Structures are given as structure tokens and as C-alpha cells.
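Just below is one structure, and these are the notes that go with it.
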Amino acid sequence: MYEGAVQDLIDELGRLPGVGPKSAQRIAFHILSADAEDVGRLAHALTEVKARVRFCEICGNVSEHAQCRICTDPRRNPAVLCVVEEAKDVVAIERTREFRGKYHVLGGAINPIDGVGPDDLRIRELMSRLADGAVEEVILATDPNIEGEATATYLARMLRGMDIPVSRLASGLPVGGDLEYADEVTLGRAFEGRRRIEA
């Protein structure tokens with residue numbers, strides 16, 4: 001345990017996701033030994049991101065404007081909507097350069113243990129976007145875990161009566177992985193999602 005400001009900094013850093021006590025201490029001491037200019041830039045970046053960044057009023061992605069660059073891009077296909085849990089998932093999909101439609105960010109996944117239900121997510125906004133009939137396909141790209149599966153199942157059930165094709169991202173074995181290390185669920189998904197090889 002340290003005194004005063006140092007311990008306060010370690011405690012605050014430790015509240016960040018993925019930062020444990022040892023990492024928080026290491027980061028705190030890095031900040032202590034850094035130049036004042038470097039620390040000033042970090043502090044400025046933190047205050048700027050809180051002051052300037054908001055969520056897109058259409059899709060829920062992060063943006064410095066009322067609407068994000070994807071929602072305002074006329075080259076994107078508005079008939080295909082990819083539903084993701086978080087804004088970071090948009091970045092992951094965009095890196096593939098495979099998807100040219102638009103997104104809808106839910107803001108999380110259904111997780112009763114943590115007290116997150118359907119009403120805590122941007123599901124009402126999703127249903128509003130689908131109401132005008134402009135969307136011709138919905139791709140559910142939630143995480144392949146228990147919460148993501150529960151969310152995808154819930155959404156698929158809600159969308160069943162809307163006459164819109166709903167698909168789920170395929171999941172299975174990672175490239176470069178070994179079969180012996182794959183769990184049963186991953187292997188099962190790989191078998192379900194197998195594709196015919198054209199000779």
C-alpha cells in the first residue's frame with residue numbers, strides 16, 4: 001500500500017477493465033517517471049475523448065458528430081444491417097474489408113447475472129430502424145459466448161415475424177489452431193458451419 005495520490009492513482013487504474021493490481025501499479029509508476037509533457041498529453045487525451053466523443057444517433061457507434069462516418073457514407077449498403085454488441089466490434093469487422101452494409105450497436109449483451117436485460121440494450125432502436133422496410137437482411141454478429149448467444153437468440157425470435165432474413169456469423173475453428181485444443185462447443189459449431197469444397 002502506498003500513500004495518498006499514488007495509491008489513489010493505482011486504485012483508479014485498477015478499476016479499468018483488464019487492468020489488475022500489478023498492472024495498475026506498473027502503469028502508475030510509469031506515469032510517475034514519465035515527463036510532465038507526456039503525462040499532460042495523456043490527461044488532455046482523456047478529457048478530450050470525454051468532451052468530444054459521443055454515440056451516433058443512428059447506429060450507436062462512437063463518433064465526434066451526431067452521426068458516425070459509416071452512417072453518413074453514401075457508398076454503404078443501407079439494406080444490410082450488421083448487429084454487434086459494442087463499438088469495438090465495428091472496428092473488428094471493418095478491418096476485414098468484407099462488409100459494406102451498415103451497423104447497429106446494441107451497447108452490450110443480455111447478461112442476467114450482471115443485471116443486463118433486453119431493456120438495457122438498444123433493441124427498441126433496432127426495431128425502429130427495421131420498421132420502414134428498407135433493411136433486407138440482418139446479420140447477428142454478437143460474441144460467440146453464452147451472453148452473445150442469448151442475445152442473438154432473443155433478437156432472432158423478435159425478428160421472426162418481420163419477414164426479414166436473419167443470419168448469424170459463422171463460428172468455429174480459428175485459423176492456425178489445433179483440433180486437440182478446441183472445446184466441444186467450438187468443434188460443434190465448426191461442424192454445423194462446414195462448407196462444401198468445390199473441386
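FYI, it's all coordinate maths here, none of it is from the lab. Quick caveat: nothing in here was measured; it's all calculated off a predicted structure. Note: ideal-geometry Cβ built from the backbone for every residue, glycine included; neighbour counts use all protein chains shown.
Listing for the model above:
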item	result
Segments 21-32, 40-51, 83-94 sorted - mean Cβ within 10 Å per residue, highest first	83-94, 21-32, 40-51
C71, C56 arranged by Cβ crowding within 10 Å, fewest neighbours leading	C71, C56
The chain, helix-only ellipticity at 222 nm - DSSP H runs n ≥ 4, -39,500 (n - 2.57), divided by all residues, nearest 500	-12500 deg cm²/dmol
Prolate/oblate/rounded call for the range 74-168, Cα gyration tensor, a/c under 1.5 rounded	oblate
Bins of 10 Å, starting at 0 and running to the largest distance - Cα pair percent for the chain	7, 25, 28, 23, 13, 4, 0
FRET efficiency for R26 and E137, using Cβ-Cβ distance with R0 set to 41 Å, rounded to 0.05	0.35
Neighbour-count order for I146, I110, I58, fewest beta carbons within 10 angstrom listed first	I146, I58, I110
Placed amide H near Y103: partners under 5 Å, 5+ positions off or other chain	C82
At most 15 other Cβ within 10 Å, DSSP loop - trypsin sites (Lys or Arg not before Pro), the range 158-199	R194, R195, R196
Contour minus Cα-Cα distance for V175 and V39 (0.36 nm per residue)	45.0 nm
For the range 74-168: relative contact order, % (alpha-carbon pairs under 8 angstrom, 6 or more apart)	32
Cα long-axis angle, helix 21-33 against the chain (0 to 90 degrees, to the nearest 10)	50
Distance cut-off 12 Å, percentage of C-alpha pairs in the range 4-52 lying past it	66
Size of charge dipole - the range 74-168 - debye, nearest 20, with Cβ of Lys, Arg +1 and Asp, Glu -1, no other charges	440
